[in-house]
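Colleague: Handing you a structure now.
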Amino acid sequence: MHTFDMEALQAAVDERRRSQGLTWGELAAEINEPFRGTTSIPISVSTIKTMSKKRSVTSAVVLQVLRWLDRSPESFLSGRAGQLNVNEKLPNGGASGILRFDTRAMYSALDEERQKRNLTWKQLVTQLPGFTQSKVENLAEGPLIGFPRVMTITQWLNCPAAVFVRVRGR
């Protein structure tokens with residue numbers, strides 16, 4: 001499996017921020033525009049600035065950053081340069097849509113594929129580095145999952161992350 005490169009994501013954010021002449025505060029304001037007028041908590045400047053230093057970053061943060069970059073999660077998988085396809089494009093959330101993973105759909109897809117491969121849940125988690133059975137079961141309750149862990153699931157399922165991304169409106 002390829003690993004999600006949080007440092008490459010951070011570098012891409014900083015490069016684009018600089019090329020547009022944005023301060024970190026202005027960048028956060030652009031990324032957080034869909035949150036205006038909602039009860040969702042906006043993403044802090046410090047969270048955006050320190051993503052690469054964290055072991056795990058909530059998917060809610062990374063998806064909004066990827067949306068701002070107009071990039072797919074797969075474009076930050078190590079060793080996958082030039083292997084991207086159009087199906088990996090995240091949904092267009094419009095001006096007010098917030099991107100979120102549908103973890104219940106992800107859990108259902110895992111269960112379906114687990115059954116096709118004749119695996120128990122215990123056997124399945126041995127094939128998902130960084131997961132325990134309870135972490136997988138928590139997907140059924142939703143809605144949060146972090147990066148880079150989520151990319152382990154989509155690769156195991158052999159499908160783009162975008163399959164599980166939904167747009168939440170105001």
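Colleague: Can you run the Rg to Rh ratio on the stretch 100-168? Use alpha carbon positions and the Kirkwood inverse-distance Rh.
Modeller: 0.92
Colleague: Quick check: net charge around MET6, other residues with Cβ under 11 Å of its Cβ, Lys/Arg +1 and Asp/Glu -1?
Modeller: My count for the surroundings of MET6 gives +1.
Colleague: Most exposed first by the Cβ proxy, i.e. fewest other Cβ within 10 Å, how do LEU99, LEU139 rank?
Modeller: Placing the least packed residue first, the sequence is LEU99, LEU139.
Colleague: Oh, and also: Dividing the alpha-carbon Rg of the stretch 6-96 by 2.2 N^0.38 Å yields what?
Modeller: Here the Cα radius of gyration is 1.08 times the empirical estimate.
Colleague: Would you mind ranking ARG67, ARG166 so that the residue whose beta carbon has the fewest other beta carbons within 10 Å leads the list?
Modeller: Fewest-to-most ranking of ARG67, ARG166: ARG166, ARG67.
Colleague: Using amide H atoms built 1.01 Å from N in the peptide plane, name the residues 5+ places from LEU77, or on other chains, whose amide H lies under 5 Å from its own.
Modeller: Hits under the 5 Å cutoff: ASP5.
Computed from the coordinates by the stated procedures, all read-outs in this text should not be read as laboratory data. Owing to the predicted nature of the structure, the values given are computational and were not obtained by experimental measurement. In this analysis, Cβ positions are derived from the backbone assuming ideal geometry, glycine residues included, and neighbour counts consider all displayed protein chains.
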